[in-house]
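One structure is given below, encoded as structure tokens.
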Amino acid sequence: MTEPSSSRPVLIAADALTGTPSALDQNALRELVRATADLVRTRVRDLKPGTALAIALRNSVQAVALQFAAEELGLVPLPLAPRSDHTALRAAARSSGATVLAHLSPGPAARLEIEKLPDSEPFAEPDPDWGLAISTSGSTGSGTTVFLSRTALVRNARAFADRTGLGAEARYLVTAPLWHVGGSVVGLRAALASGAVLLLPPEAKPGILAEWVDRYRPTHLAGVPTVLFDLLGKRSGPSAADGWPGQIITGGMAVEGTLVGALHALGSRVTVLYGMTEFTNAVLSARIDPGFLPPTGFVGRPFPGVECRIEPVAGQSREAEPYGHLLARGYPQAAAVVRDGRPRPLETDADGWYRTGDLARATADGYVIVGRSRDMVIRGGVNICAATLVDAARRTLRAKEAVVQALPSERLGEDIALIVHGPSGEECRSLQRDFLAQLPHGTRPGYLIVSRSPLPRTANDKYDLAGMYRRTVALVRPGDAASSGLPIVSVDHWS
């Protein structure tokens, strides 16, 4: 870990109780960690090494201190999203493998509570190398808890700092919450490994982030594309680039060329990260300098120590660019994944290859993610990658958002509903000929759903696919698609 000057801040974050930002230098942070460890010892007796400590706090100095206090006590920090329903919060902590819970008490006189969870026991044989646990949303399968090794965390943080130019002079604003791998790994640990000042806003609301950018003038900023689009919407005019970070780190979903172009226009270099919690979030990365406008989904080349390959998919349209299942192997794999209430090794094949759950194609410049394996639709015997339709909708229909849903069809096995937000129904009707001409033979959708409101998302900022599917089935009556033309259905809202 890079050792900054003891008088220089290493962390600027809000106080969880007052909301007031505090700047802590290295000595102040160490003292806070020691005091927090003493508090945990006082509140919970007979702590067993390897016990998971759930930390249900929004980004704050206390949330950071609790992570490192847990390590000092031989516990495994497990950051969770806070909830107002205490019963639900306890249940979420227990199901994630925690036996101790830290959270704020409800009401105006909030205080930090640390409690032993009833009816919970630590795992029988915890691994002493466990350094962090992350509860996943299930984007690579069903939701679970992933235990990451200290060794992988250290190597990942160093590799990430090298790839992004983080160093002792950097002021690094991280927008992801600490209960996300982007907050605790790409953010907190990478900042400390590089000696950068970590700027940790309490929430990723556009107004709060814009205020932190103006106030602290970060050199580096990490955020998912939706957060970056929101921030860019608050900057305009000749002074838009003033105080804007020179380095942007993004990922978590497909990065579009329009976003990269807008960031380049403000003078930023862009680093795209691709990974998953099971790989300590380090699989592929790409630095995109001004002058290079990559295709949507471009993620570059593997991190040091990681290998990737494409497993071909049969039954593709001959006119579509070939793609396949993306597999990865290498050093940062998870120490354990909780399944059936027990920590188990990460599932790989005999040669150590892990199925990422994504579809990708290889190019001369690096890998391009084209969609999720589970998003592939088999329509009339042809495998159709959802990203092909999404890209065409963004290019031709000028859709701000686009999602593909597979619907049952007696004639084709599966049919396709393409849901878009941005263009009106009339605009889609006038552009549908150009849109359909963009698609390889046999890949055209059976229905086009035009949403007048933004597409619904879950608490993890992912599309609410299950909710949209239920509404879509009710709207279009699967199996009744017209044999010619493109039926267009408008929807006002998704509730």
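Bridging of K116 to lysines at a Cα separation below 30 Å is possible for K48, once same-chain residues fewer than 8 apart are set aside. Beta bridges from DSSP with both residues in the range 1-126: antiparallel share about 55 percent, rounded to the nearest 5. Which FRET efficiency value, to the nearest 0.05, is calculated for E427 and S84 with the Förster distance at 45 angstrom and r the Cβ-Cβ distance? For R0 = 45 Å, the calculated efficiency reads 0.60.
Here's how it looks for D415: its modeled amide H is under 5 Å from those of L407, S409, which are all 5 or more places away or on a different chain. A Förster radius of 60 Å, combined with the Cβ-Cβ distance separating A362 from R45, puts the computed FRET efficiency at roughly 0.60. For N383, nonlocal amide neighbours, meaning residues 5 or more places apart or on other chains whose placed amide H falls under 5 Å from its own, are Q316, S317. Listed from fewest to most Cβ neighbours within 10 Å, the set L153, L75, L198 follows the order L153, L198, L75. Here the extension length gained between L293 and L266 equals 8.2 nm, from 0.36 nm per residue of separation less the Cα-Cα distance.
Relative to the Cα centre, the charge distribution of the chain, modelled as +1 at Lys and Arg Cβ and -1 at Asp and Glu Cβ, gives a dipole magnitude of about 340 debye.
Shown here: the range 323-430, whose C-alpha atoms stretch 53, 39, 27 Å along the first, second and third principal axes, sorted largest to smallest.
Its relative contact order, with pairs defined as Cα atoms under 8 Å and 6+ residues apart, puts the range 179-276 at 23 percent. Only lysines eight or more places from K462 in sequence, or on another chain, were considered; those with a Cα closer than 18 Å are K205, K400. Of the residues V404, F435, I416, the one whose Cα sits farthest towards the positive end of the charge dipole of the range 396-444 is F435 (charges of +1 on Lys and Arg Cβ, -1 on Asp and Glu Cβ, taken about the Cα centre). Going from the fewest other Cβ atoms within 10 Å to the most, the residues W494, W244 appear in the order W494, W244. Of all DSSP beta bridges confined to the chain, the antiparallel ones make up roughly 60%. From the coordinates of this entry, mean projected area of the Cα convex hull in nm² is computed, and it appears in (i) 22.2; (ii) 24.4; (iii) 72.3 under the label (ii). Using C-alpha pairs below 8 Å separated by at least 6 residues, the relative contact order for the range 1-81 is 30 percent.
For the range 65-160, trypsin sites (Lys or Arg not before Pro) are listed when DSSP marks them as loop and at most 13 other Cβ atoms sit within 10 Å of their Cβ; the list is R111. Once C-alpha pairs closer than 8 Å and six or more residues apart are averaged by separation and normalised to the residue number of the chain, the relative contact order reads 9 percent.
Projecting the Cα positions of G50, G97, A69 onto the charge dipole of the range 19-118 (unit charges on Cβ atoms of Lys, Arg, Asp and Glu, taken about the Cα centre) puts G97 furthest along the positive direction.
Taking amide hydrogens as placed 1.01 Å from N in the peptide plane, the amide H of G422 sits under 5 Å from those of K400, S451, each at least 5 positions away in sequence or on another chain. Classify the range 376-491 from the C-alpha gyration tensor, please: rounded if a/c falls under 1.5, else prolate or oblate depending on whether a/b exceeds b/c. It comes out rounded by the Cα gyration axes. Here the dipole of the range 246-346 is about 320 debye; that uses its Cα centre as origin and unit charges on the Cβ of Lys and Arg (positive) and Asp and Glu (negative).
Oblate is the label for the range 1-126. Its Cα gyration tensor axes, ordered a ≥ b ≥ c, give a/c of at least 1.5 and b/c at or above a/b. Quick one: angle between helix 26-43 and the longest Cα principal axis of the chain, in degrees between 0 and 90, rounded to 10, please. Long axis of 26-43 versus the principal axis of the chain: about 80 degrees.
Dividing the summed helix terms, -39500 (n - 2.57) for each DSSP H run of n ≥ 4, by the number of residues in the chain produces a 222 nm estimate of -7500 deg cm²/dmol to the nearest 500.
Bear in mind that the values in this text are calculations on the coordinates, not laboratory data. These numbers were taken from a predicted model, which means no experiment stands behind them. Here Cβ is always computed from backbone atoms with ideal geometry, including for glycine, and neighbour counts include all displayed protein chains.
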